[in-house]
Each structure stands twice: as C-alpha cells, then as structure tokens.
Amino acid sequence: PLCIVLFICCLGFLIKIGILKRQINHIKVQIDFLFSRDTQSEIGLERIDKSTERLAESINRLLEKYRETGQQIKKNNDVFRDTITSLSHDLRTPLATANGYVQLLMEQELSPEQKEYVEIAQERISAVKVLLDQLFEFARIEANELKLTQQRTDINSCLRDVLAMYYNDFEQKNSTPDVHIPDTPFIVWADKEAICRVFSNIIYNALIHGDSEYKITSARIEKTYQVIVSNRSETICEEDIPYLFDRFYTVEAARKSTGLGLAISKTLIEQMNGRISAKYENDRLSIYIFFPDIEI
C-alpha cells in the first residue's frame, strides 16, 4: 500500500510538472507572438494552476503599462514634430522680411563700418535659415512625409555642385579645400535632391567643426563608391564619435548647430541603401559615405 501511495504521489507530481511546463511554454509562445506583432492581445491560460495564472496576470499588467507608455511617447513625439513644424513656418516670414531689409541696406551708400555690421547681420540670418531648414526637414522625416524619388544619379556631379555653393565659406576661413573628384560619373540609385542635402549637411558640419586642412575625396573601391569629407578639428574628440549621428547631439563649441545635420544625413543615406560613418584620428574628423555601384 505504501508503494502504491508513493507511486500515486510521484505520478501526480510529474503530471503537475508537465502541466506547469506546458503552461510556461504557452506563455513564452504568446509573449513571442505579441512581441513580433505588437497587438493589443493579452496572455491567456487555461485555469489549471494558480501560480501560472498569477504570472500571466502580472505579465498582462506589465504589457498594459508598456502600451500606455508607448502611446504617450508617440503622442509626445507627434506634439514635438507639430511644434517644430509650426515654429519653422512661423519664423520663416519674419526671417524673410529681415533678410529683405538687409538686402535693401546693402544697396545703400554705407560707411565701411556700417557695411561690416550689415554683412554680419546677413550672415546671422543665413545661419538661422539653415537651422530652420534642418528643423523642418527633420520634422518631415520623422513624420514619414519626405518621399524619396530614387533614380540613376551621378554623385560626383552632386558633390561638385554642392562644393561650389560653399566656395565663399571656405574663402572666409582662408582655406582652400583639397578636392579629388574624378571626371568619371559615379552612378548610384538615389534621390538627387537628398544626395545634395547630405553633402551640404556634411560640408556645413565640417565648416562649423573644422579648423583647417579640408579634404574632399571621391573614389571607387572594389564594388563601392566612397566619398570622404575630412578636416582638422579641435572641437571634436574621440568620445564624440559614437554620438555624432544622434539627433540634437552637439559639441560644446558648436553653437550654430541644431545637432540634426548628421542625423538627417544618416537617415537619408540609409533610405537610399548607403552607409555613413565617422572616424577621428590624429586630430582629423573624417565622415565616410558608401554607396553600392549599380553598374556592376
């Protein structure tokens, strides 16, 4: 009789372990499903074991809190994007008006000192316009409103055009960039306007953070096109590199930057099947852009 009792107890214990194991596995399967689908469902169990029931209830409460937090974050992000968009729109009109008055002043007979002041005002207005453009573009990207039209694009031609736009900026820094761009077209599958925006953001970033020895190189390496923009910089350090492409990240000395230029560039490059990275070595900051060669 004792052996029979022990057998029955062991059998009951094994059955309970089997039920617990099955229910825990069932919970795991449901969690994996909810994680991959992000549905509003809850963990469900057969009401067999009180311990696993309480475990499922705790997980469901955690899921509910997680969903509420996610919804609040989404709501805050939407408000933030709308605020940025409204701010950009609201500031464009007075900025354009101020720029118009500055242009009128430039046409007047001014003393050298007055002319210098007007030129400084014009420079500040241009800097604010760049910041507003970046904020507006960031809001569009975050809201998935910026649709890229990808086609066969010569990145060398885009790079030369953008460099020409910044000719005066390099002159003001008394620096002539060392440029190596082959005459041969480098054809990639991309949005031409987005490529030009990326190059503009990176060169503008170099002018803000760079001190001298600017170098812009375009080259074909195996099956990849590579563009490198590098310069000496005392405002950047090795510790900044992992964060350079983060939104709103700025170094202390970069007071003219929103911290969005490189973040926008990274998003656009990746949407066009490219890669972007940064390296700091021997007091030089280098930004690398890679695109696959579609001609192969």
Inset, instruction - Would you check if Asn156 is farther than 17 Å from Arg275 by Cα, part of a helix (DSSP H, G or I), open to solvent by less than 50 Å² (accessible area, probe 1.4 Å) and touching a Ser or Thr at 6+ places or on another chain (Cβ under 9 Å)? - result: no
Inset, instruction - Answer with yes or no whether Asp78 is modelled with pLDDT of 75 or more and under 30 Å from Leu135 (Cα atoms). - result: yes
Inset, instruction - May I ask you to list the residues in the range 259-282 that are open to solvent by 40 Å² or more (accessible area, probe 1.4 Å) and touching a residue at least 60 places away in the same chain (Cβ under 8 Å)? - result: Thr267, Gln271, Asn273
Inset, instruction - State the number of residues belonging to the range 50-98 that are of a type in the set (D, E, K, R), within 29 Å of the chain's Cα centre (by Cα) and open to solvent by less than 50 Å² (accessible area, probe 1.4 Å). - result: 3
Legend entry - Conditions (1) surrounded by 12 or more Cβ atoms within 10 Å (Cβ to Cβ); (2) charged (D, E, K, R); (3) modelled with pLDDT of 75 or more: number failed by Glu113: (1)
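Can you give me the ranges of the helices (runs of 4 or more DSSP H) entirely in the range 165-279 with at least 2 residues that are touching a strand residue (DSSP E or B) at 6+ places or on another chain (Cβ under 9 Å)?
Result: 192-209, 261-271.
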Legend entry - Output for the range 161-191, where each listed residue is within 26 Å of Phe138 (Cβ to Cβ) and open to solvent by 100 Å² or more (accessible area, probe 1.4 Å): Met165, Trp189
Legend entry - Residue ID - nearest to the chain's Cα centre (by Cα), chosen from residues in the range 15-39 that are touching a residue at least 12 places away in the same chain (Cβ under 8 Å), within 30 Å of Gly70 (Cα to Cα) and open to solvent by less than 80 Å² (accessible area, probe 1.4 Å): Leu34
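The values are calculated or read from the model by the stated rules, or taken from the named source; none is laboratory data. Since we're looking at a predicted model, the values are computed, not measured. With ideal geometry, Cβ positions are generated from the backbone for all residues, glycine too; neighbour counts draw on all protein chains shown. The protein model used for the area step is the full one, side chains on, heavy atoms only, and it has no ligands, DNA or RNA in it. Shrake-Rupley method; radii C 1.70, N 1.55, O 1.52, S 1.80 Å.
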